[in-house]
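The values are calculated or read from the model by the stated rules, or taken from the named source; none is laboratory data. From a predicted model like this one, the values you see are computed outputs, not experimental measurements. Methodologically, a virtual Cβ is constructed for each residue, glycine included, from the backbone with ideal geometry; neighbour enumeration extends over all protein chains shown.
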Amino acid sequence: MTTLDRGTMGSTQSVYEALWTRFLDGTYSSGDRLREAALAEELGVSRTPVREALGRMLAEGLVAPVSRGVVVAGLDRDAMRRLFDFRRELEGFSAQLTAQRVKAGLVAPIWFHELTRLAQDFADAVEGGDAPAATQANMRFHELIVEASGNEFLADAHRRAIARLAVSTALNLEHAEWAQEAARQHHELVAALTDGDATAARRIAEAHIHGATRVFDGS
């Protein structure tokens, strides 16, 4: 059972973040019912912060109301394609901005170390067939690039898009060709960003999301 630290017990924000993590790591799938009482028990909090956190997620479109509760919201295939299109443009632009900031000397050296580590963590997880670890490394890798763009509005939009995608699709490590290609593109993107090459960074980032879209479409 996963419980929140005693110091954060009763905090709506802490409950929200705990649930958000479950959206991102694939714990939840579209249509899963989220029961207030069960979540309160699992997280070791009262029902009030759970109710408030779920209300926030309802307003954001992450959950949908049903009789006596909420379920994880789903998207139809057309909506998923539109979301992939949005993510491709968003991440391409973010990679471009980040590369420009790198070239201007505005990104700390520790950022490069962390990005390189996450790219390798993803590759190792793919090689080892560890889907949860690959998913977590992949999500954080892309988040780090968007965060370094210096545009908080891009970061907020990306966070919301990723959460919607995560509950509707899973990282398909059984598609070995795609998984290996994704790992290679991660390393290529690290290199382009390290060089401050905005054009290459945007191209690689967009190609990376385009590949994920093709896997989703089964093409």
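The table below gives the values:
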| read-out | value |
| --- | --- |
| Selected residue (only one of S94, S29 is among the polar types (S, T, N, Q), outside any helix (DSSP H, G or I), in contact (Cβ under 8 Å) with a residue 12 or more places away in the chain and within 22 Å of W178 (Cβ to Cβ)) | S29 |
| Those residues of the range 105-142 which are outside any helix (DSSP H, G or I), more than 30 Å from S29 (Cα to Cα) and not small (G, A, S), in sequence order | L106, V107 |
| Matching residues in the range 204-219 - criterion: being among the hydrophobic types (A, V, I, L, M, F, W, C) and either out of contact with any Leu (no Cβ under 8 Å at 6 or more places or on another chain) or at pLDDT below 85 (or both) | A207, I209, A212, V215, F216 |
| Selection status of A191, in the same structural domain as E89 (by TED's automatic domain parsing), buried (at least 16 other Cβ atoms within 10 Å of the Cβ) and not charged (D, E, K, R) | no |
| Residue in the range 175-182 that is over 26 Å from D76 (Cα atoms) and touching a residue at least 24 places away in the same chain (Cβ under 8 Å) present | yes |
| Every residue from the range 21-64 that is in contact with a strand residue (DSSP E or B) (Cβ under 8 Å, 6 or more places away or on another chain) and surrounded by fewer than 17 Cβ atoms within 10 Å (Cβ to Cβ) | S29, S30, G31, D32, R33, R35, E36, L58, A64 |
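Listed here are the residues, each with its yes/no results for (1) out of contact with any helix residue (DSSP H, G or I) (no Cβ under 9 Å at 6 or more places or on another chain); (2) crowded, with 16+ Cβ neighbours inside 10 Å.
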residue	(1), (2)
D124	no, no
E147	no, yes
E152	yes, no
A161	no, yes
